[in-house]
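Engineer: The structure that follows is given in the form of structure tokens.
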Amino acid sequence: MASLFNLKIIACDGVFYDGPSEMLIYPADDGEIAIMNHHEKMTGVVDIGEIRFKLEDGTWQHAVISDGLLSVYPDGSVKILAYSCEKPEDIDTFRAREALERAQDELQQKQSYIEHQISIANMARAMARLKGASHHNN
Amino acid sequence: MASTKEIQNRINSIQDTMKITKAMYMMSSMKLRKAKKKLEETEPFFKGTQIGIAECLAHFPDIRHIYFDNRVEDDHETIKKHGFIVFTGDKGMAGAYNHNAIKMAIQRIDGLAEGDEYKLFVVGEVGRSFFISNGYNVDENFRFSSNNPSMHRARIMAEYMIDLYNKGELDRIDIIYTKMLNSITEELCVERLLPLKTHSFLKEKAAKIEADAEGTSKDAKELKEGVKHVHSLNSYEMEAISQGDVFIPFYPSLKGVLEKLVHNHFTAFCYGALVECSASEENARMMAMQSATDNAEAILHDLSIEYNRVRQAQITQEITEVIGGAKALKKKKLKKKLQSQ
């Protein structure tokens with residue numbers, strides 16, 4: 001077994017996870033990136049999507065994350081700061097589908113640049129939620 | 001001395017007012033409980049982003065970028081446009097809560113360098129109506145309330161402000177909000193969200209603070225006392241810079257991370273400020289209503305004593321009158337009897 005590092009995921013409504021992990025896979029701009037212990041110190045951007053991390057007992061924990069920042073510290077510990085982070089089983093698919101439809105409707109209308117950006121981000125979040133939830137249900 | 005009727009009226013009206021203040025006290029104590037829970041949940045995120053940005057900036061290479069306001073054209077600007085985001089409440093009756101924020105904003109505007117322009121972005125109806133009616137330069141399109149804070153609202157706020165900044169309509173963005181330290185004390189904070197502090201600036205300041213061991217200089221004092229000033233270092237930044245001065249890789253790119261960093265930090269700060277403000281407002285209102293109820297009780301106490309005294313005096317007077325009348329009648333009767341005899 002690979003060595004463990006400390007992983008801390010903080011969302012705006014509380015600390016999502018704080019504990020040991022063997023491997024973390026997160027969505028970046030250009031695909032998924034995995035981080036293991038003794039990774040080089042760095043700062044990165046987490047995209048909207050699904051993250052997964054391997055727990056001490058070898059099981060994978062999935063979560064749907066909205067955009068945030070990730071930093072790796074010299075001692076190997078990793079901290080993620082994201083707007084929201086949810087377990088797939090906690091996702092309200094009905095609400096997510098509604099949000100997706102709302103975002104699609106909004107995109108049909110003429111919007112200012114800011115509104116457009118926000119609608120796109122909302123749509124991406126809703127789609128990530130639905131995807132994460134459907135993984136869990138199947 | 002007032003008549004019993006007048007005093008009775010006064011007592012009734014105070015009792016009615018007390019009913020209102022009591023009800024408002026209960027409402028705000030309930031809202032406060034909700035806001036406090038939210039505040040507790042948000043605390044790690046809010047603190048985490050502040051630590052995060054301090055750490056990033058401590059290791060960020062010096063580049064010329066609009067977010068540092070050190071591009072060549074920025075250096076040649078003589079006029080800096082300031083934007084102030086001021087957080088107030090939607091309603092009054094919250095003690096000095098709204099007033100303090102407004103006062104601080106005015107103080108900041110008065111302290112601007114000659115020729116600098118400013119624009120106010122006011123959250124909350126009380127502050128907005130104050131600044132508009134007093135002829136300050138307020139952005140009319142910025143309409144938000146600090147009630148029931150949501151991430152969505154914080155996001156829209158942040159996008160709006162960053163868009164203005166990127167368009168060059170603002171060069172400095174400060175945020176004025178009230179922080180809840182504990183249930184009794186609240187602190188007004190002013191923080192600069194944009195431009196960010198450059199690595200060299202942080203290093204210089206930290207070196208200065210470390211160099212003077214006695215901690216007598218202005219910078220060291222500010223750090224120690226936790227003074228929130230736009231030019232002073234906070235403890236997060238001090239800690240981050242003291243951990244080493246190496247540049248770390250940024251993925252996917254320096255610019256990508258910086259862009260994300262600014263958006264994240266801004267949104268998180270807006271959200272944090274919204275949550276802090278809603279909790280502080282309810283707290284301030286609760287305390288104000290508590291003291292209003294106490295005062296009403298004190299006045300009622302005094303008035304009831306006065307009322308009783310007046311009533312007693314009146315009764316005494318009436319009895320005297322009756323007795324006087326009866327005596328007079330008796331005398332009259334006696335006289336009549338004597339005359340008839």
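Coordinate-derived values only; no laboratory data. Predicted, not measured: the structure shown is a model, and the values here were computed from it. Because the Cβ atoms are built from the backbone with ideal geometry, glycine has one as well, and the counts that use them run over all protein chains shown.
Engineer: To check you understand DSSP bridge types, tell me what percent of the beta bridges within segment B:32-284 (both residues inside) are antiparallel, rounded to 5.
Structural biologist: Around 35 percent of the beta bridges assigned by DSSP in segment B:32-284 are antiparallel ones.
Engineer: Let me ask another. Restricted to Cα positions, what overall size does segment A:5-86 have along the principal axes? Three whole-Å values, descending.
Structural biologist: 25, 25, 22
Engineer: Compute the FRET efficiency between B:ARG64 and B:ILE20 as 1/(1 + (r/R0)^6), taking r as their Cβ-Cβ distance and R0 = 45 Å, and round to the nearest 0.05.
Structural biologist: Result of the calculation: an efficiency of 0.20.
Engineer: For the pair B:LEU338/B:LEU181, report the inter-label distance in nm, with labels modelled 7 Å from Cα in the Cβ direction.
Structural biologist: Placing both labels 7 Å beyond Cα along the Cβ direction yields 8.6 nm.
Engineer: Which lysines, on any chain, are close to B:LYS36 with Cα under 28 Å apart, when same-chain ones fewer than 8 places away are left out?
Structural biologist: List returned: A:LYS8, A:LYS79, A:LYS87, B:LYS19, B:LYS22, B:LYS47, B:LYS91, B:LYS103, B:LYS179, B:LYS224, B:LYS228.
Engineer: If you don't mind, there's one more thing I want to ask. Taking segment B:116-155, which trypsin sites (Lys or Arg not before Pro) meet the DSSP loop condition and have no more than 13 other C-beta atoms within 10 Å?
Structural biologist: Qualifying residues, ordered by number: B:ARG143.
Engineer: Let me ask another. I'd like to know how segment B:36-104 sits against the 2.2 N^0.38 Å rule of thumb: what's its Cα Rg over that expected value?
Structural biologist: It is 1.66.
Engineer: Over segment A:91-137, what lengths in whole Å, largest first, do the semi-axes of the equivalent ellipsoid take, defined as the square roots of 5 times the eigenvalues of the alpha-carbon gyration tensor?
Structural biologist: So the three semi-axes of segment A:91-137 are 23, 9, 6 Å.
Engineer: Just want the answer: with Cβ charges of +1 for Lys and Arg and -1 for Asp and Glu, which residue in B:VAL257, B:ASN141, B:THR49 is farthest toward the dipole's positive end in chain B?
Structural biologist: Looking along the dipole axis, the top candidate is B:ASN141.
Engineer: Can you tell me the relative contact order of segment A:91-137? Whole percent, Cα pairs under 8 Å, sequence separation 6 or more.
Structural biologist: 54 percent
Engineer: Based on the Kirkwood radius over alpha-carbon pairs, what value in µm²/s does the Stokes-Einstein equation return for the translational diffusion coefficient of the protein assembly as shown at 4 °C and 1.567 mPa s?
Structural biologist: 49 µm²/s
Engineer: For segment B:19-30, take each phi angle, set θ = phi - 60°, evaluate the Karplus expression 6.51 cos²θ - 1.76 cosθ + 1.60, and give the result in whole Hz per residue in order, putting x for glycine and proline.
Structural biologist: 4, 5, 5, 5, 5, 5, 4, 5, 4, 6, 5, 6
Engineer: In the protein assembly as shown, with Lys and Arg counted as +1 and Asp and Glu as -1 at Cβ, which of these residues, B:VAL86, B:ILE102, B:ALA292, has the Cα nearest the positive end of the dipole, that is, farthest along it?
Structural biologist: B:ALA292
Engineer: Could you state the angle between the C-alpha long axis of helix B:97-110 and the longest principal axis of the C-alpha atoms of chain B, as a value from 0 to 90 degrees rounded to the nearest 10?
Structural biologist: So the helix axis and the longest Cα principal axis differ by about 50 degrees.
Engineer: Counting only residues 5 or more places away or on other chains, whose amide H sits under 5 Å from the amide H of B:LYS179 once H atoms are built in the peptide plane?
Structural biologist: B:GLU187, B:LEU188, B:CYS189
Engineer: In deg cm²/dmol, rounded to 500, what helix-only [θ] at 222 nm does the protein assembly as shown give when every DSSP H run of at least 4 residues adds -39500 (n - 2.57) and the total is split over its residues?
Structural biologist: When only DSSP H runs of four or more count, the value is -19000 deg cm²/dmol.
Engineer: Right, here's the next one. Kindly state, to the nearest 0.05, the FRET efficiency for A:HIS136 paired with A:SER112, given R0 = 30 Å and r defined as their beta-carbon distance.
Structural biologist: The value I calculate is 0.25.
Engineer: Another question, if that's okay. Can you tally the net charge around B:ASP163? Count Lys and Arg as +1, Asp and Glu as -1, for every other residue whose Cβ sits under 15 Å from the Cβ of B:ASP163.
Structural biologist: -2
Engineer: Expressed as an acute angle from 0 to 90° and rounded to the nearest 10, what is the orientation of the C-alpha long axis of helix A:113-137 relative to the principal long axis of chain A?
Structural biologist: 60 degrees
Engineer: Give, rounded to the nearest 20 debye, the magnitude of the charge dipole that chain A has about its Cα centre when Lys and Arg contribute +1 at Cβ and Asp and Glu contribute -1 at Cβ.
Structural biologist: 80 debye
Engineer: Quick one: Kirkwood hydrodynamic radius for segment B:125-182, alpha-carbon pairs, angstrom, one decimal?
Structural biologist: 13.4 Å
Engineer: Please give the net charge around B:HIS301, taking every other residue with its beta carbon less than 15 angstrom from that of B:HIS301, where Lys and Arg add +1 and Asp and Glu add -1.
Structural biologist: Charge balance near B:HIS301 sits at -2.
Engineer: Taking springs between alpha-carbon atoms closer than 10 angstrom, which of B:VAL257, B:VAL138, B:VAL122 fluctuates most in the Gaussian network model of chain B?
Structural biologist: B:VAL257
Engineer: Could I ask something else about it? Treating the Cα atoms of chain B as identical point scatterers in vacuum, please give the log10 of the normalised Debye intensity I(q)/I(0) at q = 0.07, 0.13 Å⁻¹, two decimals.
Structural biologist: -0.43, -1.04
Engineer: Scanning chain A for GluC sites (Glu not before Pro) in DSSP loops with at most 13 other Cβ atoms within 10 Å, what's the longest stretch left with none?
Structural biologist: A:57-138
Engineer: Report, in debye and to the nearest 20, how large the dipole of segment A:91-137 comes out about its Cα centre when Lys and Arg carry +1 and Asp and Glu carry -1 on their Cβ.
Structural biologist: 160 debye
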